[in-house]
Amino acid sequence: FYAVYMRSSLSKRVVTLHPSPRVLDANSTTAKVSSERFWGSYRPQVYFGMKTRSPRSVVTGMMWMRQFSNSDMNLRHTCEQGDRLQGYGWLMHDGSTFGVQEIRDNDFTLTTEFVKRVGGDHGGDWTWRITAKQHSSAPQPPVISLMFYAAADTQGSLQTHMEEKNRLASITGFSEELGNFKITFRKPVTGELSSTKYASYNYLQTLSPGLEKLTDIVKLSLNRRFVFSPPSGEKRHYIGVDTYKPPHHQNQQKAADPRKESDFVVHQVTVQTPFQVEVLFESGSFYNRPNQLVGSVMTQELERRKAEFNAKFEKIFGLESKGFSQTHIKFAKAALSNMLGGMGYFYGESVVQSVYNEYPLMYPGGALFTAVPSRSFFPRGFLWDEGFHQLLLSKWDPQLTREAIGHWFDLMNIEGWIPREQILGDEARSKVPAEFIVQRNENANPPTLFLALQELIEQLSSKSDEAATKPTLPFLRRLFPRLKTWFEWYNTTQTGPKPNSYRWRGRDKDTNLYLNPKTLTSGLDDYPRASHPSADERHVDLHCWMALSSGIMASIAQLLGEPHQDYKVLHDVLRDNNLLNDLHWSEQLRAFSDYGNHTQNISLQREKVYVPPGQPRHQFPVARLVRSVRRAPKLQYVNALGYVSLFPFLLQILQADSPKLEHVLRDMRDPTKLWTPFGLRSLSKTDPLYMERNTEHDPPYWRGPVWININYLAVRALYHYGNTEGPYQEKAADLYKELRTNIINNVYAQFVETGYIWEQYNDGTGRGQGSHPFTGWSSLTVLMMAEHY
Ligand code: 6A9
């Protein structure tokens, strides 16, 4: 009985939240406490939409489609790479009061702007302005349907108000956090001062079982029976939202999906370009509104905020004074704005598992305010990405950083574990293949939030804006109990086989299926590690993360007047270059290296499949690749040259006078190894796994391409060594200039050429590749331009 009891209580630990007081008060994001940031573009997964920072917010958004086009179904809603837009993203966004986005579809461009106005008790008002212009290449002005919608999420209600016969003129509604509100759909005009344009109207009023169903509901309601007949033109049938008949298997579906249905209302306006249309949200509690935020008032507000944005941008990043061209500056503003405009507010439960659970469990529901790596392909929070994101965002607004870090730490469990990938709620889950959903509590991810914390404490002692940095101390005080537990979690669960060594847990187990079993937890997925995962491994990147983190723990503890000696002692041990050399310097490679049970004599071989005589071949499994080990592994250095071997340099653990630095700099600058005109490649060209697939379905990822987060760390380290007395100071300073220039030029050139910032860059051609837009850590290019490290 006791054993069973123990087991069940152990199995609950993974889903038990940390008991210390939360970093953020339960009401910290409410309209009352944070009215300026109540409404926002916190739905980065859709092209354009807003919600409030509350768990079951009423959401608003926009879908659109081009009428009379050859490709039939071009309904746009959630950001999809498959839509093949020429580019989309925020050109300006201040993180709270306004934003300007440009979306380039095939033959027209939509500019989506919002401005907020605080007033009343529920987060105030906002206005959207959508401007559509055809491209000069378009043979005739396209006719476009914009579909504006509001959808409740299990609470709140929406009522429609019609004008003429089909025109939904406004929606009124009520919800717990918004009180009464009204959304008005203005008629389209050619320009601000011109009269109304001919338009056709449709609307849909229905119920939705969940936010992830909105696109499907609209699609299923579409009908071609409507006629577009402008006064001067031919009559043509167009597609419009009509009545929604749920699919006939709905009854079964209802049984399987017993969620509460919520109001969903769509206003469709169909009009020929060029045009401009405005949508206003007005809060019922805003009594003394001076005027409506429309037309010329809206234009003035936009202009004022743009000017403020530009001035603040120059004050912080100083790119004009550095002599960057206007087009470079426009790019940098877009990069920052996309990180700001990519911030999301998510709410829901993760699916987690520990060794004590036979089946995955639901984590307690929680909120996450975070930036996301990519609005299209992974619009959700990733732990180590967020540390990088906050390096940029903290320069713009440290309050955003404190709130994001606070949210992440409030998701920590009693063990000190924070799930690495945050897939919160049905909408987020609907985008992720089943095998990636479950998060395991043995698994870490680099503790980059320490980098962001380091920046916050450095701001305290620098000449930064005092009003903005003042709340940092009280914030750290509240954070500290959780921070200690988090650090302890790494320091106890990720230890290595030797004293003061560390090992990533969670490597792939099915060793025979992969050329090299992956280490997703390290963040560097398929970067080569010991060929045979074992408890004998030690990982140099994790060692360096711990050396860095213990130092920042010591600084924070000291700042707060808490005991800091233990952290300091550990920090001194871990950064001791003799220890580092003992554990990780490979004389053979002349570089820092992981250690483990390893052999280089491994390749993927086609497994021969036996086909009985006379049987058709295609009825047997396609020959797959399996790995063949030609020489038995033994305990040794892994000897892969690439990002992992640079870590003592990247995180500045290496002493400036260490002779090892000379080797590091030489390998970096060597074009046959790590150097490319576009930044440092992730794995040396000389490595046997350079650009090798891991399985037949799994192309190389961290085995050659240029990644901007690590290049940022490299540029920053070069800046450090270039400004620190030592035998390699000059060399570092030279490399700094070269590497910085190469990265900025390529990310910029690719942005201009392709319309996007990318997840990685090809080490041979510089081409952007992988997911896009990727305005997570690739946006750190802005900090390199500004030389803010
Ligand atoms: C796959 C796809 C529609 C992989 O930027 C986030 C992470 C990084 O933390 C990590 O270091 N990326 C890097 O190696 C992207 C991970 C995407 C996983 C989701 C499912 C959804 O299909």
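So the values come out like this:
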quantity	calculated
Cα centroid separation, segment 44-110 to segment 277-327 (Å)	20 Å
Backbone HN-Hα couplings from phi across segment 542-555 [Karplus 6.51/-1.76/1.60, Hz, Gly and Pro as x]	5, 3, 5, 4, 6, 4, 5, 5, 5, x, 6, 4, 4, 4
Between 0 and 90°, nearest 10: helix 398-409 axis offset from the chain longest Cα axis	70 degrees
Kirkwood Rh in Å, taken over all unlike Cα pairs in segment 198-353	21.1 Å
Per residue Cα convex hull volume in Å³ - calculated over segment 481-562	92 Å³
Quarter of the Cα convex hull surface for the chain, i.e. its orientation-mean projected area (nm²)	39.2 nm²
All aspartates and glutamates inside 18 Å of residue 187 as judged from Cα atoms, apart from same-chain residues fewer than 8 positions distant	113, 163, 164, 278, 282
Measure of compaction for segment 42-120 (Cα Rg per 2.2 N^0.38 Å)	1.22
Rg/Rg_globular for segment 705-789, with Rg_globular taken as 2.2 N^0.38 Å and Rg from C-alpha atoms	1.12
Peptides ranked, highest mean first, by Cβ atoms within 10 Å: ranges 374-382, 133-141	374-382, 133-141
Proportion of all alpha-carbon pairs of segment 553-663 beyond 22 Å (%)	58 percent
Segment 637-763: Rg to Rh, with Rh as the Kirkwood radius over Cα pairs	0.99
Residue-averaged 222 nm ellipticity for the chain, from DSSP H runs of 4+ at -39500 (n - 2.57), nearest 500	-9500 deg cm²/dmol
When each of 333/685; 306/395; 116/322 is checked by Cα-Cα distance, pairs over 24 Å	333/685; 116/322
Percentage relative contact order, the chain, counting C-alpha pairs under 8 Å, at least six apart	11 percent
Per-peptide average of other Cβ atoms within 10 Å, ordering 466-476, 493-503 highest first	493-503, 466-476
Kirkwood Rh, angstrom, segment 143-249 [1 / mean 1/r, Cα pairs]	15.8 Å
With Cα atoms, 0 to 90° folded angle of helix 565-575 axis to the chain main axis	70 degrees
P(r), alpha carbons of segment 518-592 - 5 Å bins starting at zero, rounded %	3, 14, 19, 19, 17, 13, 8, 5, 2, 0
Distance between segment 479-498 and segment 650-692 - C-alpha centres, whole angstrom	30 Å
Gain on full stretching of the segment that runs from residue 219 to residue 207 - 0.36 nm per residue minus C-alpha separation	2.9 nm
Length-normalised contact order for segment 638-690 - Cα pairs under 8 Å, 6+ apart - percent	38 percent
Overall Cα dimensions of segment 309-392, principal axis frame, Å, largest first	60, 22, 20
Straight-distance crosslink candidates among lysines, where the alpha carbon sits under 17 Å from residue 484 and sequence neighbours closer than 8 are dropped	568
Per-residue ³J(HN,Hα) for segment 300-317, Karplus 6.51 cos²θ - 1.76 cosθ + 1.60, θ = phi - 60°, Hz, x for Gly and Pro	4, 4, 4, 4, 4, 6, 4, 4, 5, 4, 4, 5, 5, 4, 5, 4, 7, 9
By average C-beta atoms within 10 angstrom, highest first, the peptides 408-417, 713-722	713-722, 408-417
Whole-Å semi-axes of segment 330-451's equivalent ellipsoid (Cα gyration tensor)	26, 16, 12
Value of relative contact order over segment 457-574, rounded to a whole percent, pairs C-alpha under 8 Å and six or more apart	20 percent
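Taken together, the values in this text are just the output of simple stated rules run on the coordinates, not laboratory data. It should be emphasised that the depicted structure is a prediction, and the values quoted were computed from it without experimental measurement. Neighbour counts run over all protein chains shown; Cβ positions are idealised from the backbone, glycine included.
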